1. Just name the residue that is surrounded by the fewest Cβ atoms within 10 Å (Cβ to Cβ) out of those in the range 9-22 that are touching a residue at least 40 places away in the same chain (Cβ under 8 Å) and more than 12 Å from the ligand (Cβ to nearest atom).
2. Scan (1) outside the structural domain of residue 8 (by TED's automatic domain parsing); (2) touching a residue at least 40 places away in the same chain (Cβ under 8 Å) for the single condition residue 86 breaks and write down its number.
3. Kindly list, by first and then second residue, each pair from a residue in the range 222-234 that is farther than 24 Å from residue 148 by Cβ and touching a residue at least 40 places away in the same chain (Cβ under 8 Å) to a residue that is more than 10 Å from the ligand (Cβ to nearest atom) and not in a helix (DSSP H, G or I), limited to pairs with Cβ atoms under 9 Å and residues at least 6 apart or on different chains.
4. Within the range 71-83, does at least one residue satisfy the condition of being crowded, with 22+ Cβ neighbours inside 10 Å, out of contact with any strand residue (DSSP E or B) (no Cβ under 7 Å at 6 or more places or on another chain) and in contact (Cβ under 8 Å) with a residue 12 or more places away in the chain?
5. Please go through the range 33-50 and give me each residue that is buried (at least 24 other Cβ atoms within 10 Å of the Cβ) and touching a helix residue (DSSP H, G or I) at 6+ places or on another chain (Cβ under 7 Å), ordered by number.
6. Only one of these conditions is not met by residue 104: (1) without any contact (Cβ under 8 Å) to a residue 60 or more places away in the chain; (2) within 14 Å of the ligand (Cβ to nearest atom); (3) in contact with a strand residue (DSSP E or B) (Cβ under 7 Å, 6 or more places away or on another chain). Which number is it?
7. Could you please find all residues in the range 23-44 being more than 8 Å from the ligand (Cβ to nearest atom) and more than 12 Å from residue 76 (Cβ to Cβ)?
8. Which one of 115, 134, 98, 89 is within 11 Å of the ligand (Cβ to nearest atom) and assigned to a loop (DSSP other than H, G, I, E, B)?
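The values are calculated or read from the model by the stated rules, or taken from the named source; none is laboratory data. Worth saying up front: this structure is predicted, and the values here are computed from it rather than measured. A quick note on method: Cβ atoms are made from the backbone with ideal geometry, for glycine too, and the neighbour counts reach across all protein chains shown.
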Ligand SMILES: C[S@@+](CC[C@H](N)C(=O)[O-])C[C@H]1O[C@@H](n2cnc3c(N)ncnc32)[C@H](O)[C@@H]1O
């Protein structure tokens, strides 16, 4: 299978447009440009006087966004696509000599092709190297973590990132297994997790595969996903124009909690107004069409005119 041919279907697209309200001439940061699905809609909305800055850590996805967003179409805004982690947003905007932007958007996690590409090690359904890096310039893979962390550290990492209730047993079994042989592949880890929780997928009452949470926890750690998100959220008020908006789509409770708490803290500091009191969820129709959208939650906040120094 040519994984690169898999299209990523953007989630909550109409809802993103409705709540962020991009308009002609605006400057927008799509912090996770991916295949350019949301970005294409932003580009149409802001038109030729607008400026779209798209970031992604994955060089392959950035190329796909480049192909999709075109280069010379009439009415197209200025588009800068930059390979970077969104935690570097302040340096990137300063480098582009931008003092403020109108919108910051992040659609967190991984794209469908990244998830299904066995060579990246993100899926427990197929065998592949236990890598999990979204950015192949990072030095630590998931295999490095499972083969080097102490049992307590592994157990904490799995529990804190994914609330896996069998984290201790899984960490113990990983440490036992690696005494004999280095854990290098996704299927080695799947077998270890299944043996730690007492069997294969069928024997647990939960609907999800027994390795789901362990894989999620490791992916989050390898890519420092919560740390990057916290940096983006903390930088945003300084870079948003008064009236500008920030929108984040998250896919699991750890991310959503961080976004929710950040927006509430900034509201208390008079820096934000909440545009979404409750997270926006996909319609039944979208969930049927695109099952990956099921866990998506969109939250949006609007920047007030309060100076950052007064509010932080
Ligand atoms: C869910 S996909 C985004 C899909 C995109 N909205 C679209 O419509 O095609 C998430 C993307 O974010 C990228 N990504 C994840 N963490 C990132 C980070 N900290 N900084 C920049 N890009 C990141 C991934 O490589 C992936 O391409």
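1. Step one: filter the range 9-22 for residues touching a residue at least 40 places away in the same chain (Cβ under 8 Å), giving 9-12, 15-16, 19-22.
Filter again for more than 12 Å from the ligand (Cβ to nearest atom), leaving 15, 19-22.
On the way: 15: 20, 19: 18, 20: 26, 21: 16, 22: 22.
Going through the qualifying residues, I end up with 21.
2. (1)
3. Every condition considered, the pairs that remain are 229/248; 229/250; 232/104; 232/246; 232/248.
4. no
5. Correct list: 33, 34, 35, 36, 38, 39, 43.
6. (1)
7. Answer for the range 23-44, where residues must be more than 8 Å from the ligand (Cβ to nearest atom) and more than 12 Å from residue 76 (Cβ to Cβ): 23, 24, 25, 26, 27, 28, 29, 41.
8. On the way: 115 fails: assigned to a loop (DSSP other than H, G, I, E, B); 98 fails: within 11 Å of the ligand (Cβ to nearest atom); 89 fails: assigned to a loop (DSSP other than H, G, I, E, B).
Checking each option against the conditions leaves just 134.
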